[in-house]
1. Using only the Cα atoms of region 217-257, build the gyration tensor, take square roots of its eigenvalues as a ≥ b ≥ c, and label the shape rounded, prolate or oblate: rounded if a/c is under 1.5, else prolate if a/b is larger than b/c, else oblate.
2. Tilt of helix 199-208 relative to the longest C-alpha principal axis of the chain, in degrees (0 to 90, nearest 10)?
3. Find, among the GluC sites (Glu not before Pro) in region 143-227, those assigned to loop by DSSP (not H, G, I, E, B) with at most 14 other beta-carbon atoms within 10 angstrom.
4. Between Gly187 and residues 5 or more places away or on another chain, which pairs have amide H atoms under 5 Å apart, with H built 1.01 Å from N, and which residues are they?
5. Under a plain spin-label model, where a point goes 7 Å from the Cα along Cα-to-Cβ, how far apart in nm are Leu324 and Cys261?
6. How far is helix 306-333 tilted, in degrees, relative to the longest principal axis of the Cα atoms in the chain, given as a value from 0 to 90 rounded to the nearest 10?
7. Long-range amide H contacts for Asp258: which residues qualify at under 5 Å (H placed 1.01 Å from N, peptide plane, sequence gap of 5 or more or a different chain)?
8. Could you tell me which of Met15, Cys159, Gln185 has its Cα farthest along the dipole of the chain towards the positive end, charges placed at Cβ (Lys, Arg +1; Asp, Glu -1), taken about the Cα centre?
Amino acid sequence: MAVEWYEVFVGMLLMAYILRDQQKYVSEVKVLEELFEHFRDSGEVKLLADAWSMMGDALRCLGEGKLSVEAFKKAVEVEPALEQKLVECSNAIFSANAIAGVTADYMQSLYVLYRELLGNLSVRPYSPAVWKHKKIRVGYISADLRDHAVAQFVRPMLCQYYKEKFAVYVYSVTRHPDKVTEALQQGGALWRDVSADRWPQIVEQIRFDEIDILVDLAGHSADNALPVFAWRPATVQISGIGYFNSIGMHEMQGFLSDVYCSEADTSPYFTENLLRLPHSHLCYQPFADFPEVGQPPCLQCCPRGSSMRIFALLHLRIAMTALLLTIRCMSVLA
């Protein structure tokens, strides 16, 4: 009998996965609600944590931001692995950004939860170091160095930086590299593929490279490596570009912004100082190959010359309608 209920449990979870892949989120939520109704006290904490995480993701896709946050917080509570707890907490913070009228206090409460989880890691922060380099060493860490929106904005920083003054290091957590990844690798930065490394290993590599400024390009988005910053591997640590809100970590000294995005140097929504550039901090350089400008659709679907006749007839009809409305209005006023 014990085997039977477990098979039903797993079967319902698999059904939820299938519905998620089919983007049938309402049906997925219904299956997960039934699963919780029958198996909430089953003791299968890992599977239940996965189910709560799926619920949070489905609710986010349905625009139910606050319910999504609560589901992810439930996943944090049930999940036995500390590293995955941090992932689920990041998911909750990410979803909270979509809540209409979300308050600073609400966001700060989620940051407190994230910091509490970080505090359970076996972390010994490094003491600040003063490296004697000829060039300032800047490290960027991201999981989105691929065909992704973030890559369109970081291209200048990785490929067109001032090489006489700066040495750039890239710590790529990208799981599925592609042609965009290859293009970014050709920019001259020293590339470190750390996608298979755990957080302490990434920290050791950053420290070995003697990085002066470490920049997070992911925030609380998917596959981030934010816990790395808890070790304070770099003298200066900031975030920006790839995320739009506070990280909520005291180890972050700044958040990259500008005078157009931020009204002041501080915000109740942020735990970091806002580094406001006097100009836009975004530089968009797309990788897409845009097609050649072709013939307008109106010329493609109509015989030669007929499109102009159609345009003239439409213009005449609009003019006649306006004239008739004017005459009617004048007759009413008279």
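1. Because a/c hits 1.5 or more and a/b fails to exceed b/c, region 217-257 counts as oblate.
2. That works out to roughly 80 degrees.
3. Values: sites: Glu164, Glu182, Glu204, Glu210; in loops: Glu164, Glu210.
Qualifying residues, ordered by number: Glu164.
4. Here the answer is none, since no amide H 5 or more places off falls under 5 Å of that of Gly187.
5. Each label point lies 7 Å from its Cα, and together they span 5.4 nm.
6. 80
7. Hits under the 5 Å cutoff: Leu277.
8. Result: Cys159, furthest along the dipole toward the positive end.
The values are calculated or read from the model by the stated rules, or taken from the named source; none is laboratory data. All values reported here derive from a predicted model rather than from experimental measurement. Because the Cβ atoms are built from the backbone with ideal geometry, glycine has one as well, and the counts that use them run over all protein chains shown. What goes into the accessible areas is simple: the full protein's heavy atoms, side chains included, and nothing from ligands, DNA or RNA. Shrake-Rupley method; radii C 1.70, N 1.55, O 1.52, S 1.80 Å.
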